[in-house]
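Let me begin by presenting the structure, written as structure tokens, before commenting on it.
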Amino acid sequence: MVWPLSVITSLIVQSPRPFPTAKMDSTSPTHDNTTSTSPLPDLSTLLSHLGDAVSAAWPSSPPKPYNKVKALLMSWEKDDLDVESEIKPLASIFQGLYHFDTEVWKIPIRRSAAELSSKIASVIEADGREGNLIILYYGGHARGNDQVAGRPVWFAK
């Protein structure tokens, strides 16, 4: 059973037995607290602040999940890095555990830039709707681009 924080807070604050507290002083063997300017608040104030923080972090209505998730896992046709050994288990997790629509695709050596652009465009065309998530995963060689704010360069070795 999951109880709302307000119920837990109420139960703790109304607990018949007080929680034990340790008095810390400058002779504490664990840490020096002589420079502390702010003592810990009482339990009910601490719980109130905790409740406010939890409410701010997790609103009462959870975020809506994605309508659909498409994962495109890409590597080179000629795989000299054995990327296949990491892509297969990742695809299995995406499909089996998360139930994502998952596709493993090999980037061809011939006309690679055109084929890659076409593939990504087709995935975006098919699944790039509001409320959907597209995951593009690339396993292979890459280097930085010499141009300012240039995209990384993917290449087969």
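Per this entry, Ser85 is counted among residues that are more than 19 Å from the chain's Cα centre (by Cα) and not basic (Lys, Arg). Consider region 104-157 and keep the residues that are surrounded by 11 or more Cβ atoms within 10 Å (Cβ to Cβ) and acidic (Asp, Glu). The one that is nearest to Ser85 (Cα to Cα) is Glu115.
Where a number appears in this text, it was derived from the coordinates with a stated rule and is not lab data. Only a predicted model underlies this, so the values are computations on that prediction, with no experimental measurement involved. Because the Cβ atoms are built from the backbone with ideal geometry, glycine has one as well, and the counts that use them run over all protein chains shown.
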